[in-house]
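J.: Once you've had a glance at the structure underneath, I'll fire off some questions.
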Amino acid sequence: MSITVEGGIATVIVSDPDRGCSLDIPGLDHAATVLREDGSIRAVLLQGPDGMGFCNGGDVKAFAAAEDPGAYLAEIAAPFHRFISALRAIDAPSIAAVRGFAAGGGMSIACAATLAVGGPGTRFLPAYPTIGFSTDGGLSWTLPRIVGQRQAARIILGNQLLDSGEAQRLGLLGDVTGTDEDVVPHARALADKLAGASRTATTEILRLLRSGPASVLDEHLDAEAAAIARTAGSADGREGVAAFLTKRAPRFAP
C-alpha cells in the first residue's frame with residue numbers, strides 16, 4: 001500500500017522500488033484521496049521504500065518511451081499535483097524522512113512537507129535542467145519560500161547538488177541524524193510526538209504559518225488574536241492550562 005493510517009499517523013511511501021525509486025504516481029494519487037478524506041490523520045510521514053532512498057524523481061525511461069512526451073507529462077503531473085495540494089491543505093503536519101536522494105519530484109515532495117529529517121547521506125538535487133525540463137510538484141513555489149528567491153534560482157537553474165550539511169544550513173532540513181539508518185525512525189518519532197499534540201492548536205498554527213507570507217502584519221496579528229482566542233476557549237486549551245498548573249501531562253482530545 002502506498003499509504004497506511006495507524007494511530008493517527010499516515011505513512012506515505014512516495015516512490016516505487018520496482019522503478020528505481022521513481023515517483024509512485026498511482027500511489028500518490030491514492031494517497032491524495034486518503035489525505036483529503038480521512039479525518040483521523042494527525043501527522044503525515046513521507047518516506048521511501050523500506051531500506052531504500054527517498055525518491056529519485058520521475059521515471060525517465062517512461063518519459064523516453066512515451067509517444068507524446070508532453071501529453072504524458074501533463075497526464076502524470078495532474079495526480080502528482082493533487083497529492084502536493086492535499087499535503088499542503090491537510091490540517092496535520094507532514095514530516096519527510098529524506099534518506100539518500102531527494103531528486104526532481106522527490107525534492108518537490110520534501111520541500112512541500114512541513115518538516116524534513118535527513119542523514120549524512122541525504123542529497124537534494126533539482127535534476128530537471130539535466131533533462132531539459134522545467135519544475136513540477138511546486139518546487140518553484142516552495143523552494144524560494146524556504147531559502148529565498150536568489151538561492152532558489154541558484155539551486156534550480158544551476159542544478160546544484162546539496163549535501164545534508166548545506167541543506168540544513170539553508171533550511172531544507174531540520175534535524176540531521178547520526179546515521180542514514182536513523183532517518184526514518186527519527187522522523188517517525190517526530191510524527192508520533194506531533195500526532196499527540198493538541199489538534200486544535202496544531203490546526204490553527206498550520207493555518208497561520210501558511211497564510212503568513214501572503215498577509216500584511218496587521219491582518220496577521222488580527223488572525224493570530226482570533227486563533228488564540230479560539231484555542232484558549234477550546235477543550236484542548238482548557239486541558240492544557242489545567243495540566244500545566246497541576247504539573248502533569250495534558251490529555252488532549254483524540
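The values are calculated or read from the model by the stated rules, or taken from the named source; none is laboratory data. Everything numeric in this text was worked out from a predicted model, so none of it was measured. As a convention, Cβ positions derive from the backbone with ideal geometry for all residues, glycine included, and neighbour counts pool all protein chains shown. These accessible areas exclude ligands, DNA and RNA; they are computed on the full protein's heavy atoms, side chains included. Shrake-Rupley method; radii C 1.70, N 1.55, O 1.52, S 1.80 Å.
J.: Scan the stretch 6-32 for residues that are over 20 Å from residue 99 (Cα atoms), within 16 Å of the chain's Cα centre (by Cα) and open to solvent by 10 Å² or more (accessible area, probe 1.4 Å) and jot them down.
T.: 29
J.: Given the conditions (1) among the aromatic types (Phe, Trp, Tyr); (2) open to solvent by less than 10 Å² (accessible area, probe 1.4 Å); (3) in a helix (DSSP H, G or I), which single one is not true for residue 124?
T.: Residue 124 satisfies every listed condition except (3).
J.: Which residue is surrounded by the most Cβ atoms within 10 Å (Cβ to Cβ), if the candidates are limited to the stretch 77-89 and must be of a type in the set (A, V, I, L, M, F, W, C) and touching a residue at least 12 places away in the same chain (Cβ under 8 Å)?
T.: 83
J.: Go through (1) assigned to a helix (DSSP H, G or I); (2) in contact with a Cys (Cβ under 9 Å, 6 or more places away or on another chain) for residue 137 and report which single condition fails.
T.: Every condition holds for residue 137 apart from (1).
J.: Are there any strands (runs of 3 or more DSSP E) wholly within the stretch 1-67 with 3 or more residues that are among the β-branched types (Val, Ile, Thr), and if so which?
T.: 3-6, 9-13
J.: Taking residue 78 as the residue in question, decide whether it is among the hydrophobic types (A, V, I, L, M, F, W, C), more than 15 Å from the chain's Cα centre (by Cα), part of a helix (DSSP H, G or I) and at pLDDT 95 or above.
T.: Numbers: among the hydrophobic types (A, V, I, L, M, F, W, C): yes; more than 15 Å from the chain's Cα centre (by Cα): yes; part of a helix (DSSP H, G or I): yes; at pLDDT 95 or above: yes.
It is true that residue 78 is among the hydrophobic types (A, V, I, L, M, F, W, C), more than 15 Å from the chain's Cα centre (by Cα), part of a helix (DSSP H, G or I) and at pLDDT 95 or above.
J.: Turning to a different aspect of this structure: Pairs needed: first member in the stretch 133-150, at negative phi and free of Cβ contacts under 8 Å to residues at least 40 places away in the same chain; second member anywhere, part of a helix (DSSP H, G or I) and among the β-branched types (Val, Ile, Thr); C-beta distance under 8 Å; at least 6 residues apart or different chains.
T.: 135/156; 139/156; 140/156; 143/155; 143/156; 147/155
J.: While we're on this one: Quick one: residue 216 ticks every box in (1) closer than 17 Å to residue 44 by Cα; (2) β-branched (Val, Ile, Thr); (3) open to solvent by 60 Å² or more (accessible area, probe 1.4 Å) except a single one, so which number is it?
T.: It is condition (1) that residue 216 fails.
J.: Of the conditions (1) without any contact (Cβ under 8 Å) to a residue 40 or more places away in the chain; (2) in a loop (DSSP other than H, G, I, E, B); (3) aliphatic (A, V, I, L, M), residue 71 satisfies every one except a single condition; which number is it?
T.: Evaluating residue 71 over (1) without any contact (Cβ under 8 Å) to a residue 40 or more places away in the chain; (2) in a loop (DSSP other than H, G, I, E, B); (3) aliphatic (A, V, I, L, M) leaves (2) as the failure.
J.: All but one of (1) over 26 Å from residue 254 (Cβ atoms); (2) open to solvent by 10 Å² or more (accessible area, probe 1.4 Å) hold for residue 54, so report the exception by its number.
T.: Against the list (1) over 26 Å from residue 254 (Cβ atoms); (2) open to solvent by 10 Å² or more (accessible area, probe 1.4 Å), residue 54 comes up short only on (2).
J.: Still on this structure, I have one more. Name the one entry in 74, 66, 92, 103 that is closer than 21 Å to residue 16 by Cα, among the small types (Gly, Ala, Ser) and crowded, with 20+ Cβ neighbours inside 10 Å.
T.: Of 74, 66, 92, 103, the one residue that is closer than 21 Å to residue 16 by Cα, among the small types (Gly, Ala, Ser) and crowded, with 20+ Cβ neighbours inside 10 Å is 103.
J.: For residue 206, which of the numbered conditions (1) surrounded by fewer than 20 Cβ atoms within 10 Å (Cβ to Cβ); (2) more than 15 Å from the chain's Cα centre (by Cα) fails to hold?
T.: (2)
J.: So, residue 42, is that one charged (D, E, K, R) and touching a residue at least 60 places away in the same chain (Cβ under 8 Å) or not? So that I can check it myself, show each step before the final result.
T.: Details: charged (D, E, K, R): yes; touching a residue at least 60 places away in the same chain (Cβ under 8 Å): yes.
For residue 42, the condition - charged (D, E, K, R) and touching a residue at least 60 places away in the same chain (Cβ under 8 Å) - is met.
J.: Which condition from (1) at pLDDT 95 or above; (2) surrounded by fewer than 17 Cβ atoms within 10 Å (Cβ to Cβ) is the one that residue 177 breaks?
T.: Status for residue 177: all satisfied but (2).
The rows are residues; the columns are (1) open to solvent by less than 30 Å² (accessible area, probe 1.4 Å); (2) of a type in the set (Gly, Ala, Ser); (3) touching a His at 6+ places or on another chain (Cβ under 7 Å); (4) part of a loop (DSSP other than H, G, I, E, B).
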{"site": "155", "(1), (2), (3), (4)": "yes, no, no, no"}
{"site": "183", "(1), (2), (3), (4)": "yes, no, no, no"}
{"site": "187", "(1), (2), (3), (4)": "yes, yes, no, no"}
{"site": "193", "(1), (2), (3), (4)": "no, no, no, no"}
{"site": "240", "(1), (2), (3), (4)": "yes, yes, no, no"}
{"site": "243", "(1), (2), (3), (4)": "yes, yes, no, no"}
